[in-house]
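Readers should treat all values here as calculations from the given coordinates under stated rules, not as data from a laboratory. Bear in mind the structure is a predicted one, so any value in this text is a computation, not a measurement. Note that each Cβ is placed from the backbone with ideal geometry, even for glycine, and that neighbours are counted across all protein chains shown.
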Amino acid sequence: MHYAIYNQATGLIRMYGHTGQPDTLALEVQPGERLFEGQVPIGSTHIRHGTPVEVVPEPTYRELRLAAYPAAGDQLDAIAELAAALLEQGIALPTKTQAWLDDVQAVKASNPKV
């Protein structure tokens, strides 16, 4: 028997599979859960209206921002350029920032663009 155990309120599937001993499944069902009997396609996350479905959550604002930001390397290049420009204007950088900029410039010098 194919089955899924899911949260009655949300439909979220906690577990699914196949068993030759369906009588033991009642022991797995916790309060607030129901047993669905039937085929559960791989990737199904919820039971909706008696049917297993995959529910893809809406992306969070963090996921949306991460996808929209420039690549991390491009951001670091921009920060390094800013730090170098501040130095050229005679503005002292914090010690750690100066050390970081020195490291960045050394890497760029030893690996020039071709």
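One table, with the values for the structure above:
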| quantity | calculated |
| --- | --- |
| Rg over Rh, two decimals, the stretch 12-82 (C-alpha only, Kirkwood Rh) | 1.33 |
| Theoretical FRET efficiency, 1/(1+(r/R0)^6), r = Cβ-Cβ of Met15 and Ala67, R0 35 Å, to 0.05 | 0.65 |
| Longest segment of the chain lacking GluC sites (Glu not before Pro) that sit in a DSSP loop with at most 15 other Cβ atoms within 10 Å | 55-114 |
| Charge dipole magnitude, Cβ of K and R +1, D and E -1 - the chain, Cα centre, debye nearest 20 | 60 |
| Using a Förster distance of 41 Å, the FRET efficiency for Glu81-His49 (Cβ separation, nearest 0.05) | 0.15 |
